[in-house]
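Novice: First the structure, which I've put down as structure tokens, then a few questions once you've had a look.
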Amino acid sequence: MTGPNRTAWATIPTDEEHYRPLYARLLGLRFVNPGGVLCFLFFEGTIALAVLLALAELVTWWAVLVLPAVVAAMVKLNDMVAAVVVRSAALVPEQERDRFRRQMEPVVGRARVEWVTQSVTGAVITVEPVPPANHVDR
């Protein structure tokens with residue numbers, strides 16, 4: 001293997017790997033970090049849903065085996081997509097990141113607004129634009 005080892009991009013430290021839910025460890029998730037409740041819903045929840053669908057005779061009993069496997073495949077696919085996104089974001093040069101940060105910073109400043117002196121609330125006095133006054137900025 002010529003690239004970095006598998007744990008180089010991992011977001012979970014190896015000493016905390018033991019405390020992750022079994023579902024996440026069995027799928028080998030590196031970037032998606034589902035908690036215990038979400039892992040319960042992914043596995044036992046899909047089994048319960050498949051059993052209910054099979055009891056209602058909406059699907060065959062094969063769905064009890066297939067549905068959790070399909071959900072696990074989608075979770076693993078989501079983890080692989082997250083890995084590609086993180087790796088491609090790491091390849092963006094620092095110059096581009098700085099340019100992006102500058103573009104995203106809010107700009108705070110002052111704008112001079114010329115008020116019409118004969119303004120009446122809710123009435124249009126003129127449709128002509130007001131010419132800018134020659135004021136000296138202090």
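Novice: If r is the Cβ-Cβ distance from L26 to A89 and R0 is 25 Å, what FRET efficiency results, to the nearest 0.05?
Specialist: E(calc), rounded to 0.05, equals 0.35.
Novice: Fully extended, how many nm does the chain gain between L52 and R112 (0.36 nm per residue separation, minus their Cα-Cα distance)?
Specialist: Full-extension gain reported as 15.0 nm.
Novice: Sticking with this structure for a sec: Of the listed peptides 74-85, 38-49, what is their order by residue-averaged count of other C-beta atoms within 10 Å, with the highest listed first?
Specialist: So the peptides 74-85, 38-49, ranked by packing, come out 38-49, 74-85.
Novice: Kirkwood Rh, the range 31-89, all Cα pairs: how many Å?
Specialist: Radius from the Kirkwood sum: 12.6 Å.
Novice: Mind giving me the nanometre distance, one decimal, between the label points for E96 and Y19, set 7 Å out from Cα along Cα→Cβ?
Specialist: Using points 7 Å along Cα→Cβ, the separation is 3.7 nm.
Every number in this text was worked out from the coordinates using simple rules, so none of it is lab data. Predicted, not measured: the structure shown is a model, and the values here were computed from it. Please note: Cβ atoms are built from the backbone with ideal geometry, for glycine as well, and neighbour counts cover all protein chains shown.
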